[in-house]
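The values are calculated or read from the model by the stated rules, or taken from the named source; none is laboratory data. In this text the structure is predicted, and so the values were computed from the model without any measurement. Cβ sites come from the backbone with ideal geometry, for glycine too, and all protein chains shown count toward neighbours.
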Amino acid sequence: MEQTYTIFVLARATPAWLRLSRDEHKQFAKTEFANCLVDFPSVTLRLFDAEAFTSVCSDVFMFTAPSLPDYCAVMDRLRSSKVMTEPYFEFLETITSVEDTFRGMAENQRENHQ
């Protein structure tokens with residue numbers, strides 16, 4: 001069974017990001033975020049607004065990746081991009097998870113008992 005990791009990065013938008021217009025946000029996503037992912041097509045990124053629902057973070061970056069080294073390479077690019085150098089976001093916490101591990105464990109147990 002192939003393992004896919006889902007990584008949630010809790011982030012806080014900085015005043016520099018908040019000063020940008022919505023059009024600038026869209027353009028940024030098309031350039032900076034896309035450039036960080038371009039060489040790693042198996043890594044995906046989805047962005048979520050959370051500021052209306054929590055005071056912990058303003059945004060959640062959700063990555064999916066079958067390869068942790070590829071995810072790490074994307075994060076290295078993000079750290080070198082305007083995401084972090086301007087900075088537009090502060091990363092607060094990273095939560096790495098695996099979906100439905102109980103299913104894989106059950107399959108392994110069945111295989112080991114046959």
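Observations on the model:
- Where Leu45 falls short, out of the listed (1) farther than 14 Å from Glu93 by Cβ; (2) surrounded by fewer than 16 Cβ atoms within 10 Å (Cβ to Cβ): (2)
- Within region 61-82, being of a type in the set (Val, Ile, Thr) and either touching a helix residue (DSSP H, G or I) at 6+ places or on another chain (Cβ under 6 Å) or buried (at least 19 other Cβ atoms within 10 Å of the Cβ) (or both) holds for one residue alone: Val74.
- Residue check, Gln109 surrounded by fewer than 17 Cβ atoms within 10 Å (Cβ to Cβ), modelled with pLDDT under 95 and part of a loop (DSSP other than H, G, I, E, B): no
- Spans of helices (runs of 4 or more DSSP H) in region 1-54 with at least 1 residues within 27 Å of Thr101 (Cβ to Cβ) and under 13 Å from the mean Cα position of the chain (by Cα): 34-37
- Only residues that are closer than 28 Å to Cys72 by Cβ, hydroxyl-bearing (Ser, Thr, Tyr), surrounded by fewer than 17 Cβ atoms within 10 Å (Cβ to Cβ) and modelled with pLDDT of 95 or more were counted across region 3-28, and they come to 2.
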